[in-house]
Structure formats: structure tokens, C-alpha cells
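The structure appears below as C-alpha cells.
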Amino acid sequence: MAQGPLSPAVLRALQTLNTPTVANAIETFNLRPRNQGFMDASVRCMLPGLGVMVGYAVTAKIRAAEPPAPGAAIPRRRMWEYILSIPEPRVVVIQDLDDPPVGSFWGEVNANIHRALGCVGTVTNGGVRDLDEVEQLGFHLFASQVHVSHAYVHVVEIGTPVEVGGLTVHPGDLLHGDKHGVIQIPLEIAPDLFRAAKEVEARERRIIEVCQSPDFSIEKLSELYG
């Protein structure tokens, strides 16, 4: 990580914002191009009723199409120990190397295991299953598809950069996700992001109020845009 974990208060504040608002606020800092830093529509929120997910990325790569060659699979305990090296709350970001993905790492059992390890959800370009049970658990699922089977799923790499939804994610990256998608928040601006978001919302509210006013005019609208 670029710096130490954020305070619980900062994380709670970020959890009150939706991802479009976060995206708008990030733009005000001019740290990166506006078409970067978020996942594309191939990764979608499977459980939108759970609201906002915020956490630090734990990264891994999996395969499921064939049984693992001897020594190719990362032992479960080794992955669990790695997970605990990342601050809470944790988001497990898994790149599925199969093309197309055929087996789900995620289901009721793994969701319970990872929730016990301080994880709040997962983001993957692969699939997920046991949607009802995982939703009842309150564990967020962002994925490209729903799978029936776990097939031969096994972890082949942990703790390295992964590419999911067109976004490269590094261990410890701060991720924010909801029904709109997933965005990466630069850690250096995270403590100031809530304030920036409220400033953006205030400007937008003035525009909306003019548009909804009975005496709306393009002159008044133009004044707001300067």
C-alpha cells in the first residue's frame, strides 16, 4: 500500500457515497484521466441490495477448467495467511485465467470463510454462485457471470497485480463498489474525498434546482456554468 490504513471514520464516510459520486469527486483532484480507474461493464454487481462496498484489495488468480498440476495450486492456508496481511476491511479481487471462465471460486462456503477473515466481498472477472445464501450473509459479489459448479477451481497465484474488468488492481488498493460498478480510489486523496464529493453534489443541486424551477431559463442555467 502507498500508505497506512485509513481511519474507520474515513471508510464510513466513503460508504455513504455511491460510485458515480466518488468518480465525480476523484475527477476534481486531476490525478488521472477521467476514462481510467474504474472497471468496465463486464463486471457487474450481483447483489445490488447490499449497497456500497469499501475495502482494500486482496489479489489472486485462479483456474478451474482442468485439475491442477502437481504443486500448481496455492494451499488454502497460505492464501488465508496472505489475506490477513492486508488491512481490514478486505475485498478479494480474483482474476479468472480461464477463457471462458467455467468454475466458481465463490459460493456459500467460501463467502463464510472469507467473511470470517475480515473480507466484505469479492470482485472477479469470473463467476459466482449460491446467490441467495451469500446475500443473506451480507457478502458483496461483483462478477461477470453466474456459475453452477466450482469445477476444478484452484488458486494459482496470490499477492500480485491482477486485471479485472479492464482495471489493473494491486494488493492494498482501495476499492469502492455498488450497483453502478467498481472504482479504485487513490489512497492519497481518500481522506479528502467525502468533502470533495459534497462540494460536487452542492454544485449539481444548484443546477437541478434551476432546471426544476417554474421560471427556468437557459440564461439562468448558463450563469451556473459560467
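We did not get these values from a lab; they are worked out from the coordinates using the rules stated. Keep in mind that this is a model prediction, so the values were computed, not measured. Here Cβ is always computed from backbone atoms with ideal geometry, including for glycine, and neighbour counts include all displayed protein chains.
Applying both filters, DSSP loop and at most 14 other Cβ atoms within 10 Å, to the chymotrypsin sites (Phe, Trp or Tyr not before Pro) of region 125-226 gives 216. For region 1-107, the set of chymotrypsin sites (Phe, Trp or Tyr not before Pro) satisfying both a DSSP loop assignment and a count of at most 15 other C-beta atoms within 10 Å is given as 29. Dividing the alpha-carbon radius of gyration of the chain by the rule-of-thumb value 2.2 N^0.38 Å gives 1.13. In a simple Cβ point-charge model (Lys, Arg +1; Asp, Glu -1; nothing else charged), region 94-203 has a dipole of about 280 debye relative to its Cα centre.
Work from the charge dipole of the chain (Cβ charges, +1 for Lys and Arg, -1 for Asp and Glu, about the Cα centre) and give the residue of 207, 144, 175 farthest towards its positive end. About the Cα centre, the residue reaching furthest to the positive side is 175. Between region 1-67 and region 78-104, the C-alpha centres lie 15 angstrom from each other. For region 23-107, the list of trypsin sites (Lys or Arg not before Pro) that fall in a loop by DSSP and count at most 13 other C-beta atoms within 10 angstrom reads 34. Here the dipole of the chain is about 400 debye; that uses its Cα centre as origin and unit charges on the Cβ of Lys and Arg (positive) and Asp and Glu (negative). Only helices at least 15 Å long along their axis, Cα-based, and averaging -1.0 or more on Kyte-Doolittle count here, so list those DSSP H runs from the chain. Span-like helices in the chain: 190-212.
Put simply, the convex hull of the Cα atoms in region 1-89 casts, on average, a shadow of 8.7 nm².
Counting beta carbons within 10 Å around each of 114, 170, 176 and listing the fewest first gives the order 170, 114, 176.
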